[in-house]
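Student: Below is one structure. I have some questions about it.
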Amino acid sequence: MDKILIIDDKHAILESLEMFFAEKGYRVFTADCGKTGMSLYKHHAPDVVILDIRLPDTHGISLLEQIQALEKPSKVIMITAFQDMETTIQAMKLGAYDYIHKPLDVDKVERAVERALYTLKIDRETPQAAEMTRPPNPEVIIGRSDRMGHIFKTIGLLSQNRAPVLIQGETGTGKELIARVIHRNSLFAMEPFITFDCSAVVETLLESELFGHEKGAFTGATQSKEGKIELAGNGTLFLDEIGELPLIMQRKFLGFLQRNEYDRVGGKHPLTSRCRIIAATNRNLADMVNSGTFRQDLFFRLKVVMIQVPLLVDRLTDIPDLVGHFLRKINWELGTDIFSLEKGVLDRLTAHTWPGNVRELENVLVEAVVRARGKVILVDEIENILASNYPITTTRLTTYSLPHMEKEHIRTTLDRLDWNRSETARVLGISLPTLRKKIRKYDIAPSGR
């Protein structure tokens, strides 16, 4: 039987809450002051404490601190008639599970107690993760899928040369990380790795930023400045969003690639560079060549080796490894220790569409860790985060029947899992026979057939 301790100086609240929770089957203890409350706490070890902020002999925050200092603290729900920003922040900072304002809505209190008990149960059932002694490697590519294995092989081949590389992939797929791993595994790994975002600099300054300038080359050039190519030395220059480079700069950059020579703006003597060029884009450069917005000769110069980074939904089998890696990284950076997942979390993450790819997955996990009320990330919390990031739109929903939406969801999941029916059934939370019946019912076939 779950035990609840209620500490409040208002006897009407004590009586009403005691009666309500006792009828629900809980064992309830009550105290009208802090001293009695702590005595009952130490004697009965309640699972949940409902604690008033203002007590006749102490402050609720002080009791919260005492409880949180214990080896296995209860879940504490703070209640107050005074809506004080600073106290609310302090309570949550110290580990309160929830903070509810008076007059109390008993249904709201009950929901908070139920959530607290469930979180406590999951925490107690989950083995504690080993303490981290060193930070995880920030420059490691996670994945065991065939597509990622092909990328790893390509990186290995690139490690022995300075061939230009073009990395294409949607936003958030990890293009810069791949560039950094290529550099780190090269023969010139100790040389600089310089990044340049072609979309982040105004067009009039692009040439100066890339090639550098001499003193007096233009108004405001009060001193000479090295460009990104010069700063890269014998290392790597990573050009992000190369598709945003204007045509005139494309021509000038092509000249550098052809001769390994360039001029600072206002310079009189050409400079040379042996840096490796790695370019990245979330656009299709071949389509841009066809439309005349990207030079064909530059495209061919850049794509000596091309790496196409897959979408996260095209490598769903990598999600468990990615989640483990990100949790280690996030907990190290935030100073937290939330490494465990409730059963079902990975299935929910695998079923998501991930328009933001790997970066979105990491951001969702950061929010889940920050919002966690225990040592385990719960399915409900993941659901809430995904729902808040992608609210259901009411527009055009009338054109879709429930069977139509079910059919499309099953078909999409099958396609993303390469029509692995057993894995699809697991992700959808249905049995394999049920999945087969629905495939026949809706006449579902792989996309493209």
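The values are calculated or read from the model by the stated rules, or taken from the named source; none is laboratory data. Just so you know, these numbers come straight off a predicted model, no measurement behind them. Neighbour counts run over all protein chains shown; Cβ positions are idealised from the backbone, glycine included. Each accessible area value is taken on the protein alone, full model and side chains, heavy atoms only, with ligands, DNA and RNA left out. Shrake-Rupley method; radii C 1.70, N 1.55, O 1.52, S 1.80 Å.
Student: Among the listed pairs K3/K72; K93/K175; K121/K407, which are separated by more than 25 Å between their Cα atoms? Walk me through the numbers on the way to the answer.
Tutor: Details: K3/K72 15 Å; K93/K175 37 Å; K121/K407 37 Å.
Flagged as over cut-off: K93/K175; K121/K407.
Student: May I ask for the net charge around D2, where only other residues with Cβ less than 10 Å from the Cβ of D2 are counted and Lys, Arg are +1 while Asp, Glu are -1?
Tutor: +2
Student: Another question, if that's okay. Note down the net charge around V140, summing +1 for each Lys or Arg and -1 for each Asp or Glu among other residues with Cβ under 12 Å from its Cβ. Spell out each step's value before the answer.
Tutor: Numbers: positive: R180, R184, R328, K329; negative: E139, D321.
Local charge sum for V140: +2.
Student: Now for a separate question. Roll a 1.4 angstrom probe over the protein heavy atoms and tell me the percent of accessible area of the chain that is carbon or sulfur.
Tutor: On the way: 12110 of 24150 Å².
The C+S portion of the solvent-accessible surface of the chain is 50 percent.
Student: For the chain, what is the accessible area per residue in Å² when the probe is 1.4 Å?
Tutor: On the way: 24150 Å² over 449 residues.
For the chain, the per-residue accessible area is 54 Å².
Student: Considering amide H positions built from the backbone, and no H for Pro or chain starts, which residues 5 or more places from F294, or on another chain, come under 5 Å of its amide H?
Tutor: Result for F294 returns V289.
Student: If you take the charge dipole of the chain about its Cα centre, with +1 on Lys and Arg Cβ and -1 on Asp and Glu Cβ, which of H101, L245, S74 is farthest toward its positive end?
Tutor: L245
Student: Full-extension gain between A163 and H150, please, as 0.36 nm times their residue separation minus the C-alpha to C-alpha distance. Before the final figure, lay out the partial values.
Tutor: Details: separation 13, 0.36 × 13 = 4.68 nm, distance 1.77 nm.
In short, 2.9 nm is gained.
Student: Starting from the Cα of K10, draw a straight line to each of the lysines and keep only those under 21 Å, dropping any in the same chain fewer than 8 residues away.
Tutor: Within reach: K35, K102, K108.
Student: Continuing with this model, one more query. Any idea what the dipole of the chain comes to, in debye rounded to 20, about its Cα centre with Lys/Arg Cβ at +1 and Asp/Glu Cβ at -1?
Tutor: Working: 59 positive and 60 negative charges, 375 e Å.
Charge dipole of the chain: 1800 debye, to the nearest 20.
Student: Given the DSSP H assignment, sum -39500 (n - 2.57) over each helix run of at least 4 residues in the chain and divide by its residue total; what's the result at 222 nm in deg cm²/dmol, nearest 500?
Tutor: Numbers: 19 runs with 209 residues, N = 449.
It comes out at -14000 deg cm²/dmol, rounded to the nearest 500.
Student: In addition: Could you calculate the FRET efficiency of V370 with Q223 from 1/(1 + (r/R0)^6), where r is the beta carbon distance between them and R0 is 41 Å, rounded to 0.05? Could you put the intermediate results ahead of the total?
Tutor: Details: r = 44 Å, r/R0 = 1.08.
So, using R0 = 41 Å, E works out to roughly 0.40.
Student: Once phi is turned into θ = phi - 60°, what whole-Hz ³J(HN,Hα) does the Karplus curve with 6.51, -1.76 and 1.60 give for every residue of segment 241-248, x standing for Gly and Pro?
Tutor: Those phi angles translate into 6, 4, x, 8, 5, x, 4, 5 Hz.
Student: Sequence neighbours fewer than 8 away in the same chain don't count; with that in mind, list the aspartates and glutamates whose C-alpha is under 12 Å from K438.
Tutor: Partners within reach: E406, E408.
Student: Could you pull out every one of the aspartates and glutamates with an alpha carbon less than 17 Å from that of K24, ignoring same-chain neighbours closer than 8 positions?
Tutor: D2, E15, D47, D105, D107, E110, E114
Student: Keeping every protein chain in place, order W332, W354 by accessible area at 1.4 Å, biggest value first, i.e. largest first. Don't skip to the end; give the middle numbers.
Tutor: On the way: W332 110, W354 5 Å².
The most accessible residue leads, giving W332, W354.
Student: I need the calculated FRET efficiency for the pair E261 and R359, taking r as the beta carbon distance and R₀ as 45 Å, to the nearest 0.05.
Tutor: Details: r = 37 Å, r/R0 = 0.82.
FRET efficiency, E261 to R359: 0.75.
Student: Once Rh for the chain is found with the Kirkwood sum over Cα pairs, what is the Stokes-Einstein diffusion coefficient at 20 °C and 1.002 mPa s, in µm²/s? Don't jump to the answer; show the numbers that get you there.
Tutor: On the way: Rh = 26.7 Å.
My calculation gives 80 µm²/s for D.
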